[in-house]
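The values are calculated or read from the model by the stated rules, or taken from the named source; none is laboratory data. None of these values were measured; they are calculated from a predicted model. Heads up, the Cβs are rebuilt from the backbone with ideal geometry, glycines too, and the neighbour counts pull from every protein chain shown. Heavy atoms of the whole protein, side chains included, go into the accessibility calculation; ligands, DNA and RNA do not. Shrake-Rupley method; radii C 1.70, N 1.55, O 1.52, S 1.80 Å.
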Amino acid sequence: MRSETDEHDVLRANPALDVLKSRECDGRIIRMKVYWIFLLGNLTVYVYISPPFFMRKYDNVKNETTDSGYIIDLIEELEKQITDFHAIVQVAPVEATYDELVECVANGTYDIVMADLAQTSNRTKLIDFSVPICDNTLRLVMRKTKTLKTILFAFVKPFHYAVWLLLTFVVYTFSAILIVIFERCDKKGKKGDVYSELPGSLIACSLYHTVGALLQRGSELQVKTFSGRFQTVIVWLMSVVFVTLFTANMVTYFTAQREDPWLQSIDDLKMCRKISCDRIGVIESSQHEEYFNNEVNEGALQNYHHLKHPQECFTKLLNEEIDVALADSSSAEWFTQRPQYCDLQVTGLPFGKTYFGAALPKEWQYKDHLDDTILQLRNKINEKLKVYFREKVCDRKDDNEFGSGLRKEQAGGLFITFVSLTVFNVLLFVLEKR
């Protein structure tokens, strides 16, 4: 057994234990918490590859691996806080499930596990958990709603090309020819403003008059016959209907490109009503599976798509092997902001609130001290976690954009049409002046 002098030396070297000493009056309890440093010395901590909690990158040039992530940051802070403590980090097999990590701690194969391991009622029967190292909820992840391909003449898309042809030739051109006939064949011999002895000029004036009626603006040219005026009214009435339909269809067309996700909440997945069960990705032997079976399937056996590893939630969504996956909120937020996963999105409200904690053996004698140290570091480790979510690659927008409405690419054909017609009009003016 260590002497009182040794204990005091350790206490002086450990600010964390000084705090504990001031709060505890039982010297025996203080000694127990001091001794675990001597007894443990090097503690093997098993981690699990699951960004952003633990990531391992291999450098081909230097032929070495680099570990990073929130769990590594947490372990480093613990080592700083407890002077004589050093963690030996071991990586659990990537094919291991979360429940298998729990079993390894329960049977003594692993000392402790620090990972995105959620506390559930079933797991607490086998092991203990530290105080929370990260709050967690479950989220739904899916592919982003596909938008229609941007085309240059998007402004004409609200009408089918056949409708445009009917509008141009049946309503507009045909009415112009009818007005010419009505005015030219007037039995009373009255000549209207759109009448001319030259057939070309007559048709041009009539077309001009019909355009004015079609646009509900009228023109300075006036027809004199009843039939001509009645046909003008018909064109005007048709224009009212066409403008209304065009506006409504244009709104519908462009709204469809920015429609909300078809999946809005976890309730949409219940009993696989909205989507086939085999298109729902659930990580097997995990809290996701436990929640899905109990809350979504309500105990019924459903053949959902089994995922082996958390990252498969995102890779299989991109490969269109599944349509939606259950993921932890932290993983979902991190992955959907990586450049290669920008086609994915988090949808709906959070559900299944829980927290991640270090997995510890039952009645582990050093649990209280670990919990107290984590609580002291709470603010610092929370700041460490935020670092991994600051970069929003997929949410970046052009600072020069004023909104997300009709883009210049979609309206480009409209401006090309305007410029083309204006140039044609200028050429006619030049030719006329020669």
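Number of residues in region 98-144 that are open to solvent by 40 Å² or more (accessible area, probe 1.4 Å), outside any helix (DSSP H, G or I) and not acidic (D, E): the value is 10. Among the criteria (1) in a helix (DSSP H, G or I); (2) closer than 23 Å to D135 by Cβ, the one Y355 does not fulfil is (1). The set of residues from region 76-86 being open to solvent by 10 Å² or more (accessible area, probe 1.4 Å) and either among the hydrophobic types (A, V, I, L, M, F, W, C) or touching a Ser or Thr at 6+ places or on another chain (Cβ under 8 Å) (or both) comprises Q81, F85. Figure legend. Inter-residue proximity from region 349-364: first residues under 12 Å from R123 (Cβ atoms), second residues of a type in the set (K, R) and surrounded by 16 or more Cβ atoms within 10 Å (Cβ to Cβ), beta-carbon distance below 9 Å, spacing 6+ or different chains. Indicated pairs: A359/R123; L360/K367. Looking only at residues in region 379-391 that are surrounded by 12 or more Cβ atoms within 10 Å (Cβ to Cβ) and not polar (S, T, N, Q), which one is nearest to P51 (Cα to Cα)? Among residues in region 379-391 that are surrounded by 12 or more Cβ atoms within 10 Å (Cβ to Cβ) and not polar (S, T, N, Q), the one nearest to P51 (Cα to Cα) is Y388.
For region 318-352, filtered to residues that are assigned to a strand (DSSP E or B) and among the polar types (S, T, N, Q), the residue that is most open to solvent (accessible area, probe 1.4 Å) is Q345.
Residues that are more than 20 Å from the chain's Cα centre (by Cα), closer than 21 Å to A332 by Cα, open to solvent by 20 Å² or more (accessible area, probe 1.4 Å) and not basic (K, R) do not occur anywhere in region 356-377.
Among the residues of region 358-389, write down those that are within 13 Å of D128 (Cβ to Cβ) and assigned to a loop (DSSP other than H, G, I, E, B). Step through it out loud before you land on a result.
Residues of region 358-389 that are within 13 Å of D128 (Cβ to Cβ), as a first pass: 358-368, 370-371.
Listed by number, the residues that qualify are A358, P361, K362, E363, W364, Q365, Y366.
You will find that of K270, K274, the residue that is assigned to a loop (DSSP other than H, G, I, E, B), basic (K, R) and at pLDDT 70 or above is K274 and no other. In the set I133, I127, only one residue is more than 25 Å from P339 (Cβ to Cβ), at pLDDT 90 or above and in contact with a Pro (Cβ under 9 Å, 6 or more places away or on another chain); that residue is I127.
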